[in-house]
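Participant: I'd like to ask some things about the structure below.
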Amino acid sequence: MRTVGDIFGQIFRNLWAHKLRSFLTMFGIAWGVGSLLLLVGVGEGFRSGNKRELAEFGKDIMFLFPGRAPAVKGNMSSARSYLLTYQDYEDIRHAPEVRNACPIILRGDLHEVSEFSNGSGEVLGTEPQLNEISYLPLQEGRWLNNLDGVQRRNVVVLGNQLAKVLFPGRPALGAFILINGLRFEVVGSMPHLGRGDNMWLNNRAYIPYEVMAANFPLKGENHQNSISFIEYQPHVTAEHVIARDAVHKIVGHNHGFDASDENAFDEWDSIEESKMVGTIFDVMNMFLGAVGLVTLALGAIGVINIMLVAVSERTQEIGLRKALGATNRNILFHFFLEGLLLTLGSGMLGLAFAGGLMGLMGGVQGPQGFDPPKLVPMSAMLAIGCLTLAGVIAGLYPARKAAMLQPVEALRQE
């Protein structure tokens, strides 16, 4: 009675007897599985990187900027510029289609000075609810509150990079800075936002809206009570288009133009952006799936060919083993193990190759919006499982035909 150890020994001897053929087959399978997992891993890294970048703006965030309203709908040559006002914000915030909103006055021409250094970051005048809309975590201290605005306190929250510039190697919390000569107390600071050299979110200072409007309003003619832009969230995420239309009607009514003209609005909708990115990923997944199917099909064809050749070459061996008392089940089990070992072993080598390469790339920072490739366990299981199934079936089918032959007929096969 042959043991499993004897069968494995025979399998390894058979593979060794055809070293080049076995190596090329295993290499083809391993390369197919490895390249497929790398493709899927790159796609997954791209997906997670874009999701992370969108999350750094905030949840369900929508921006409305000053625009140009055409006197005649669709005719931008007759357009006149208009500014957003605090009244626009008030009306938008109280609209039933809007969950939350915040006005922003932004100026990049102010100068920040501490007792240690000078800075030239952007200064934003805003209300406390901004951190409910945008992603603005705190590293130390506190965020702006309602009393800061009501009492017009000169307090400031510093972005990570601006805090490092103004207070190099020193604590910023509780210290004072001058913004265009006006003294502000630092009540909070933020951690580093974003990745790499993307510093625009970190080189900012946040002060109460009322203080900003009183001391650093937007410059220019007819800029009284004007704001830089409005951030808002729809009441229901799925109804962001309804919220956007409601905001358009408010602004159109306040500024005297046709709100149905899309060209009159300058805006950015992160929810719409997220949907577009999702569509891109769906298309990319279809492409990767097609590439994966071709890769698996080529690998399966290679396995089928090698197993068909292997069985046809060993028909006489099968006849001899049957003459010596081997049953059909013994022969089929032998080829089942051989196909399983060939495909599963090669697939695991491809998995190890792809996993090792992704591990090495894990510490490499990619371009903006890209995370390092990530191994997707489900893709690995499907790829290896499909190839293993193909290899086993490819071995069992011809082996069964050969095993059904009478020993004398099998020994006569050339």
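Just so you know, all these numbers are worked out from the coordinates, no wet-lab data involved. Since this is a predicted model, take the numbers as computed values, not measurements. Glycine also receives a Cβ, built like all others from the backbone with ideal geometry; neighbour counts cover every protein chain displayed.
Participant: Can you pull out the GluC sites (Glu not before Pro) in the stretch 101-167 whose DSSP state is coil and whose Cβ has at most 14 other Cβ atoms within 10 Å? List each step's numbers first, then the result.
Facilitator: Details: sites: GLU112, GLU115, GLU122, GLU132, GLU140; in loops: GLU115.
The qualifying sites are GLU115.
Participant: Right, next: Along each principal axis of its Cα atoms, how long is the stretch 26-160 end to end? Whole angstroms, biggest number first, please.
Facilitator: Projected onto the principal axes, the Cα atoms of the stretch 26-160 cover 74, 54, 34 Å.
Participant: I've got another one for you. Go through the stretch 112-124 residue by residue and turn each phi into a ³J(HN,Hα) via Karplus (6.51, -1.76, 1.60, θ = phi - 60°); whole Hz please, and just put x for glycine and proline.
Facilitator: 9, 9, 10, 6, 10, 7, 10, x, 9, x, 6, 10, 10
Participant: Could you tell me whether the stretch 162-291 comes out rounded, prolate or oblate from its Cα gyration tensor? Rule is a ≥ b ≥ c as square roots of the eigenvalues, rounded for a/c under 1.5, then prolate if a/b exceeds b/c, otherwise oblate.
Facilitator: Details: a/c = 3.04, a/b = 1.28, b/c = 2.38.
In terms of gyration-tensor shape, oblate.
Participant: In addition: So what J values fall out for the stretch 224-235 if you push phi through Karplus, 6.51 cos²θ - 1.76 cosθ + 1.60 with θ = phi - 60°, rounded to Hz, Gly and Pro as x?
Facilitator: 3J(HN,Hα) across the stretch 224-235, in whole Hz: 4, 6, 8, 10, 6, 6, 10, 9, 8, 10, x, 4.
Participant: Counting pairs of alpha carbon atoms under 8 Å apart in space and at least six apart in sequence, what relative contact order in percent does the stretch 105-157 give? Working shown, then result.
Facilitator: On the way: 46 pairs, mean separation 13.1, N = 53.
It comes to 25 percent, rounded to a whole number.
Participant: Normalising by the residue count of the stretch 31-141, find the relative contact order in percent from Cα pairs under 8 Å and 6+ residues apart. Please list the in-between numbers first.
Facilitator: Values: 96 pairs, mean separation 23.3, N = 111.
That works out to 21 percent.
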